[in-house]
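Single-structure report; data block below.
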């Protein structure tokens, strides 16, 4: 089929490559504009643009470019913008969405599934319509969440979604008849900076899930830090917000118990193991952690 592809971040790249490998003609790739990244603040292309250029595909940054080409179908994977109704009316579209719809419609389905403690998540190939993630479903597949990070899940779902997408498009047009969404609707609101703040007044399960988003932030003795990994849990040995060093291990007390922090990154420093952090502490130092302020 002649296809247009709309996508931006790394998880969308697997679907683009899979479509090319399956023999589809990608007439146009539309992605978000280049952004300034890194210390030098140089303009860098999105992962989808970089992959498209490597594959020799034509890339545009404006949705209006879709009106200048003739395609059988447009494929949307984490493009990052709402598609205007007039484009939906002119060009049929399918979307690869990383959740088990209708659970977690919206911008941050993987993070919200992890934070909610869901047992599983998945991917849907769905028709795109004017409402947010309400389209009927052509195919879906599930995977357990377990202790996976959001990075682990996104990589897994990207591969799963790319294979499912190719299967749905194998027979060409018309596509198989989709099935309307059934079940309780939940919305995955966009994640804000404060959503990643660790809070001593929440339980250790919430702490561990937030760390698995790979963006968890706290204060460590009034200094901002990122918490990258956790270990075991135990009954609480101190008030929420206290930190204890026991047998070379760093234990943070939350509302209902202690959780071992095994990897963290103090502001302005590189990521360190708990053992390295402990080595740098003064023996008599009283240790505390807390939820950062938005301004800090």
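A compact table of results
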item	result
Candidate set from the range 109-135 (those that are part of a strand (DSSP E or B) and under 18 Å from the mean Cα position of the chain (by Cα)); member that is surrounded by the fewest Cβ atoms within 10 Å (Cβ to Cβ)	120
Residue match in the range 5-19 (condition: touching a helix residue (DSSP H, G or I) at 6+ places or on another chain (Cβ under 6 Å), farther than 17 Å from residue 80 by Cβ and surrounded by fewer than 17 Cβ atoms within 10 Å (Cβ to Cβ))	no
In the range 65-117, the residues that are more than 22 Å from residue 169 (Cα to Cα) and in contact with a strand residue (DSSP E or B) (Cβ under 7 Å, 6 or more places away or on another chain)	65, 104, 105, 106, 107, 108, 109, 110, 112, 113
Looking only at the range 169-194, and only at residues there that are in a helix (DSSP H, G or I) and surrounded by fewer than 17 Cβ atoms within 10 Å (Cβ to Cβ), the one that is nearest to the chain's Cα centre (by Cα)	193
Number of positions in the range 177-210 that are touching a strand residue (DSSP E or B) at 6+ places or on another chain (Cβ under 6 Å) and without any contact (Cβ under 8 Å) to a residue 40 or more places away in the chain	1
Residue 146 being outside any strand (DSSP E or B), in the same structural domain as residue 23 (by TED's automatic domain parsing) and either closer than 30 Å to residue 228 by Cα or under 15 Å from the mean Cα position of the chain (by Cα) (or both)	yes
Those residues of the range 22-60 which are loosely packed, with under 11 Cβ neighbours inside 10 Å and either out of contact with any strand residue (DSSP E or B) (no Cβ under 9 Å at 6 or more places or on another chain) or at pLDDT 95 or above (or both), in sequence order	23, 39, 40, 41, 54, 56
Residues satisfying the stated conditions in the range 192-224, i.e. modelled with pLDDT under 95 and touching a helix residue (DSSP H, G or I) at 6+ places or on another chain (Cβ under 9 Å)	220
Residue 267, sole failed condition from (1) surrounded by fewer than 14 Cβ atoms within 10 Å (Cβ to Cβ); (2) touching a strand residue (DSSP E or B) at 6+ places or on another chain (Cβ under 6 Å); (3) modelled with pLDDT of 95 or more	(3)
Residue list for the range 128-138, restricted to those being at pLDDT 95 or above and more than 22 Å from residue 9 (Cβ to Cβ)	134, 136, 137, 138
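The values are calculated or read from the model by the stated rules, or taken from the named source; none is laboratory data. Source: prediction; values computed, not measured. As a convention, Cβ positions derive from the backbone with ideal geometry for all residues, glycine included, and neighbour counts pool all protein chains shown.
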